[in-house]
1. Which count do you get for residues in the range 317-331 that are under 16 Å from ASN272 (Cα atoms) and either of a type in the set (S, T, N, Q) or surrounded by fewer than 15 Cβ atoms within 10 Å (Cβ to Cβ) (or both)?
2. Which of (1) small (Gly, Ala, Ser); (2) on the phi > 0 side of the Ramachandran plot; (3) within 24 Å of the chain's Cα centre (by Cα) is the odd one out, the single condition GLY336 does not satisfy?
3. Can you tell me which residue among ALA295, ALA289, ALA320, ALA376 is part of a helix (DSSP H, G or I), hydrophobic (A, V, I, L, M, F, W, C) and closer than 24 Å to GLY224 by Cα?
4. May I ask you to list pairs of residues, at least six apart or on different chains, whose Cβ atoms are under 6 Å apart, with the first in the range 115-135 being closer than 27 Å to ALA226 by Cα and the second being assigned to a helix (DSSP H, G or I) and open to solvent by 70 Å² or more (accessible area, probe 1.4 Å)?
5. Looking at the range 244-267, which of the residues that are surrounded by 14 or more Cβ atoms within 10 Å (Cβ to Cβ) and either of a type in the set (Asp, Glu) or closer than 12 Å to TRP291 by Cβ (or both) is modelled with the lowest pLDDT?
6. Take the residues in the range 354-369 that are assigned to a helix (DSSP H, G or I) and open to solvent by 30 Å² or more (accessible area, probe 1.4 Å); name whichever of them is modelled with the highest pLDDT.
7. Of everything in the range 26-43, what is part of a helix (DSSP H, G or I), small (Gly, Ala, Ser) and under 18 Å from PRO59 (Cα atoms)? Give them in sequence order.
8. Is it the case, given these coordinates, that THR297 is among the β-branched types (Val, Ile, Thr) and surrounded by fewer than 20 Cβ atoms within 10 Å (Cβ to Cβ)?
Amino acid sequence: MKKIRVLTMVLALAGAHADATVLPNEAAQPLVQEGEVLTAQGKFQEALNKFSAAAKADPAASMPLSHIAHVLMVASLNADGANAAKLRQQSEGAVRQALKLDSADPLAQEVLRRLEDGKSAPLHEASLDVLKVVQEGEVLYHGRKLDEARAKYEQAAKMDPRYSSVLVFIGDTYYVQENMPEAEAWFRKAAELEPLNGQAWRFLSDALARQGKRAAAEAALLSGIAAQPSQRPTWDKLASLRSAQGYPLTALQMKRKSSAAMDPATGKFTINLDPAFSGPADQKGVDGAVWLMLAATESNLRGKNRADNVADKPFAIELASWEGAMKVADELAAKGNGEVTDPNLKTMRMLAKAGQLETALMLLQYKESWRPEFEAWKRGHPDGIRKFVDAYGLRP
C-alpha cells in the first residue's frame with residue numbers, strides 16, 4: 001500500500017503544473033510520458049529505462065532526472081537495510097543533478113524534501129481499494145486521456161469522500177483542459193476538506209492566478225505554507241507573485257556546519273564540525289564558536305533526555321540550540337572578539353534580536369516532527385506567516 005500511496009501523492013507534482021519548470025525537448029517528452037505511465041503501473045525498471053533515455057535525449061532537462069530520483073525513492077521504501085540506503089543515496093544523487101539544472105523543478109524539490117525529512121503532513125490515507133482506482137486514473141492521466149482519468153478519480157472520490165488528494169487530481173484534469181473555474185472549484189474543495197494539503201492550496205493558487213485573481217492566489221499560497229512550510233514549490237510561487245509586485249523574497253540557504261550524532265552502540269553523542277573550523281577552540285573564530293555551541297547544546301540536551309529516559313522534543317531542542325548559539329555570538333561581540341561573518345548566521349542573529357527566532361525556525365527550517373509545536377504556534381499567531389514574510393522578505 002505504501003508504494004501506491006507515494007506514487008499518487010508525488011506524481012501529481014509532475015503533471016499539469018509542470019509549467020513551473022522547463023519541459024524536455026521534443027525528443028525527450030514522449031519518453032518522459034511513457035515513463036510516467038510505466039511508473040503509475042508499478043513497472044519501475046522499465047520506467048527508469050525510459051527516463052534514462054529521456055535524459056540522454058535532452059541532457060539539459062531536469063525532468064527526466066527528477067523522475068529517476070522519484071522512482072528510486074519509491075523503490076527504497078520497499079527495500080530493506082543496505083539496499084534501501086543505496087537506493088536513497090542514488091535518488092539523492094539524481095535529484096541534486098536535477099536541481100542543478102532547474103532549481104524550481106517541483107518533483108525534484110518534493111523528492112528531496114521527503115529524502116531529508118521523511119514525513120508529510122498528516123493527511124487522510126485512503127484504503128488499498130481506493131488507491132488502486134486512483135492508480136488506474138494515473139495511468140490514464142499520464143497517457144493524456146483526461147476525461148477517462150477524471151472518471152476514475154471521481155469513482156475513487158465516491159468510494160472515500162475524506163480523501164482530499166483525489167479531488168486535487170480531478171481539478172488537475174480541468175486545469176490541463178484550461179477550464180480554470182472548474183479547476184478552482186475542485187482545488188478549493190480539496191483544501192477545505194483537508195487544510196493541511198499543501199498541494200491543494202498551491203494548485204488552487206495556480207487556478208486563481210490564471211484568472212487574474214492575484215490577491216486570492218497569494219492568500220492560497222500563504223495557506224499552503226501554513227499546511228507544510230517545507231514544500232519549496234509553494235514558496236517558489238509566492239516569491240514569483242511577490243517579485244511581480246516589486247517585493248522579492250530572499251532565500252535563506254542555510255548550510256549547517258555542525259551536527260550532533262549518537263552512536264547506536266554506545267548511546268554516546270559526538271559533535272561534528274565543518275573542517276574549516278578544525279583546530280584549537282581559540283582558533284575557530286566567532287563563526288566556529290557559534291556552530292560549535294549549536295551542536296554542543298543539541299548534544300547535551302539529547303544526552304540528558306537519554307539519561308533521564310525522556311523522549312526528545314525535536315523543536316524544543318532545535319530552538320534551545322539556536323538560542324545557545326546566538327547567546328555565544330552576542331557574548332563574543334560584547335567582549336570585542338568580533339561578529340559572525342556567515343550570511344546565514346548574520347540573518348539568524350538579526351532575527352533572534354528581533355524576537356523572531358522561533359518563527360524563523362518554524363517557517364524557514366521546518367521539519368514535520370515539529371508539527372505539534374507548529375500547530376500551537378499557528379493558533380497563537382493567526383496571521384503570523386504573512387506578517388513575517390511582509391516584515392523580513394525571507395523564504396527557505
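The values are calculated or read from the model by the stated rules, or taken from the named source; none is laboratory data. Just so it is clear, the structure is predicted and the values come from calculations on it, not from any experiment. Backbone-built Cβ (ideal geometry, glycine too); neighbour counts: all protein chains shown. Ligands, DNA and RNA are stripped out before the accessible areas are found, and what is left, the full protein with its side chains, is counted by its heavy atoms. Shrake-Rupley method; radii C 1.70, N 1.55, O 1.52, S 1.80 Å.
1. Total satisfying the criteria: 1.
2. (3)
3. Every option except ALA376 fails the conditions.
4. LEU115/GLU92
5. Kept after step one, since they are surrounded by 14 or more Cβ atoms within 10 Å (Cβ to Cβ), are these residues of the range 244-267: 249, 251-252, 254, 257-262.
From what's left, either of a type in the set (Asp, Glu) or closer than 12 Å to TRP291 by Cβ (or both): 254, 257-260.
On the way: MET254: 87, LYS257: 93, SER258: 93, SER259: 92, ALA260: 92.
Looking at residues that are surrounded by 14 or more Cβ atoms within 10 Å (Cβ to Cβ) and either of a type in the set (Asp, Glu) or closer than 12 Å to TRP291 by Cβ (or both), I get MET254.
6. Kept after step one, since they are assigned to a helix (DSSP H, G or I), are these residues of the range 354-369: 357-364, 368-369.
Those still in the list that are open to solvent by 30 Å² or more (accessible area, probe 1.4 Å) too: 358, 369.
Working: GLU358: 97, SER369: 94.
Looking at residues that are assigned to a helix (DSSP H, G or I) and open to solvent by 30 Å² or more (accessible area, probe 1.4 Å), I get GLU358.
7. Scanning the range 26-43 gives a single hit, GLY35.
8. No: the conditions fail for THR297.
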